[in-house]
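Read the structure below first, then the notes.
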């Protein structure tokens, strides 16, 4: 099952188009972000982010998941406001 933390890390990597910049914004270690993204890829059994020596490449699966991730976080936020 996907965890909220995984969604947050995933969206941060996409937002900054960088693992390093995402770690800085999340204030966590690079290894933590890498591990969380690998766990998310294992859960979904797809590659979300291709890692290259000169940067990263977002796959079509990542684009698909990105849309749902925003909806999930918005839904959680709305629920918190209503409660």
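Readers should treat all values here as calculations from the given coordinates under stated rules, not as data from a laboratory. Since we're looking at a predicted model, the values are computed, not measured. A quick note on method: Cβ atoms are made from the backbone with ideal geometry, for glycine too, and the neighbour counts reach across all protein chains shown.
Structure data summary
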read-out	value
Condition check for residue 43: in contact (Cβ under 8 Å) with a residue 12 or more places away in the chain, part of a loop (DSSP other than H, G, I, E, B) and surrounded by 11 or more Cβ atoms within 10 Å (Cβ to Cβ)	no
Residues that are surrounded by fewer than 20 Cβ atoms within 10 Å (Cβ to Cβ), in contact with a helix residue (DSSP H, G or I) (Cβ under 7 Å, 6 or more places away or on another chain) and within 16 Å of residue 72 (Cβ to Cβ), drawn from region 13-40	14
Unique residue being part of a loop (DSSP other than H, G, I, E, B) and surrounded by 12 or more Cβ atoms within 10 Å (Cβ to Cβ) when the list is 2, 7, 72	2
Close pairs from region 53-71: first under 18 Å from residue 19 (Cα atoms), partner assigned to a loop (DSSP other than H, G, I, E, B), Cβ under 6 Å, at least 6 apart	59/47; 59/48; 61/46; 61/48; 62/48
Region 46-60, residues that are within 21 Å of residue 1 (Cα to Cα) and either part of a helix (DSSP H, G or I) or more than 13 Å from the chain's Cα centre (by Cα) (or both)	46, 60
